[in-house]
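Report on the structure given below.
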Amino acid sequence: MKRLLLVDDEAAIVEALQDILSDEGYAVEAAFNGEEALQRLHAARPDLMLMDLMMPVMDGRELLRRVRQDPSLHDLPVVVMSAGRITDEERQAASATLAKPFELEVLLETLQKHLPEPESGT
């Protein structure tokens, strides 16, 4: 089961996406700001992080910068979602970007495309 870290400060979005992604077979853990996300990333690295940019405490821009600078996390697939403007720098640092609101099918295709393939035993 692929593990996702969902980072968004809007509880309704977190709850809805957790339900949808769990139904799709993902194990989803949530964080409500960048600081909490960093703690969770260091406690147990997920297969992919799906994150918003606009959050309190530590915003997504700072979280993305720190993830990319951390040798233990720099290669983590990160999908950025935002209702606001996503800069070229953020697009380059992210594995993929989604403009809110987005279609569920687009989200699922994006996750599938950027999740690491399972290691083969051969």
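Restricting to the range 31-85, and then to whatever is in contact with a Pro (Cβ under 8 Å, 6 or more places away or on another chain) and of a type in the set (A, V, I, L, M, F, W, C), can you tell me which residue is farthest from LEU104 (Cα to Cα)?
Result: LEU76.
Evaluate the range 75-89: report whether one residue or more is among the aliphatic types (A, V, I, L, M) and part of a helix (DSSP H, G or I).
No, that holds for no residue.
For ARG61, state whether it is surrounded by 13 or more Cβ atoms within 10 Å (Cβ to Cβ) and part of a helix (DSSP H, G or I).
The answer is yes for ARG61.
Among the residues of the range 86-122 satisfying the criterion of being closer than 20 Å to ARG3 by Cβ and open to solvent by less than 30 Å² (accessible area, probe 1.4 Å), which is modelled with the lowest pLDDT?
Looking at the filtered set, the residue picked out is LEU115.
Of all residues in the range 93-117, how many are in a helix (DSSP H, G or I), of a type outside the set (A, V, I, L, M, F, W, C) and within 15 Å of the chain's Cα centre (by Cα)?
Of the residues in that region, 5 qualify.
What pairs can you find where one residue is in the range 13-27 and in contact (Cβ under 8 Å) with a residue 40 or more places away in the chain, the other is basic (Lys, Arg) and open to solvent by 50 Å² or more (accessible area, probe 1.4 Å), and their Cβ atoms are less than 8 Å apart, with a gap of 6+ or different chains?
So the pair list comes out as TYR26/LYS2; TYR26/ARG3.
The values are calculated or read from the model by the stated rules, or taken from the named source; none is laboratory data. Since we're looking at a predicted model, the values are computed, not measured. Cβ: placed from backbone, ideal geometry, glycine included. Neighbour counts: every protein chain shown. Surface areas here come from the heavy atoms of the whole protein model, side chains and all, with no ligands, DNA or RNA. Shrake-Rupley method; radii C 1.70, N 1.55, O 1.52, S 1.80 Å.
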